[in-house]
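This report concerns only the one structure given below.
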Amino acid sequence: MNKQVYSEKKTFIKYDNEHYLLYLNEENVEYTPQIEENEKSTPIPGYSYTGDMEDGGTLVEAKSATYSEFVNGLIRKRYDASAESAIQSNRLVALIEPEHERSDEYIADWNDFQDYRELCKRQAKAVLE
């Protein structure tokens, strides 16, 4: 993960026709601007972002800047469609056959997926506000 600090807030930018850069995990920090070698600089309020790109952004697949596209793009960073389908199918097995030998594992996987999904929703909402 890469962390970068900026003097101004960032939210998202269109990267290309299939992707957006989202600026997530915002933190308020003190930012010291780069100035000439012999000059003194005073720290000012700034914002840091952490993501997989060098600039601190997180690249997601999204064709438009919408809540559902951003949520889906963030979910796909961790779970592809087949993994999501497997988790859903396994959760059904755990519901139908609670005594199944892997039922507890399937429920745990489902809960982890749901926790991540909720995080993605919060992050998408934050960049769109």
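The values are calculated or read from the model by the stated rules, or taken from the named source; none is laboratory data. On a predicted model such as this, the values are computed, not experimentally measured, just so you know. Note that each Cβ is placed from the backbone with ideal geometry, even for glycine, and that neighbours are counted across all protein chains shown.
To keep it simple, each residue is scored yes or no on (1) in the same structural domain as Gly73 (by TED's automatic domain parsing); (2) in contact (Cβ under 8 Å) with a residue 40 or more places away in the chain; (3) exposed (fewer than 12 other Cβ atoms within 10 Å of the Cβ).
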{"position": "Asp104", "(1), (2), (3)": "yes, no, yes"}
{"position": "Ile107", "(1), (2), (3)": "yes, no, no"}
{"position": "Lys121", "(1), (2), (3)": "yes, yes, no"}
{"position": "Val127", "(1), (2), (3)": "yes, yes, no"}
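Look at (1) assigned by TED's automatic domain parsing to the domain that holds Val5; (2) more than 14 Å from Phe12 (Cα to Cα); (3) crowded, with 16+ Cβ neighbours inside 10 Å and you find that Glu36 fails only one, number (3).
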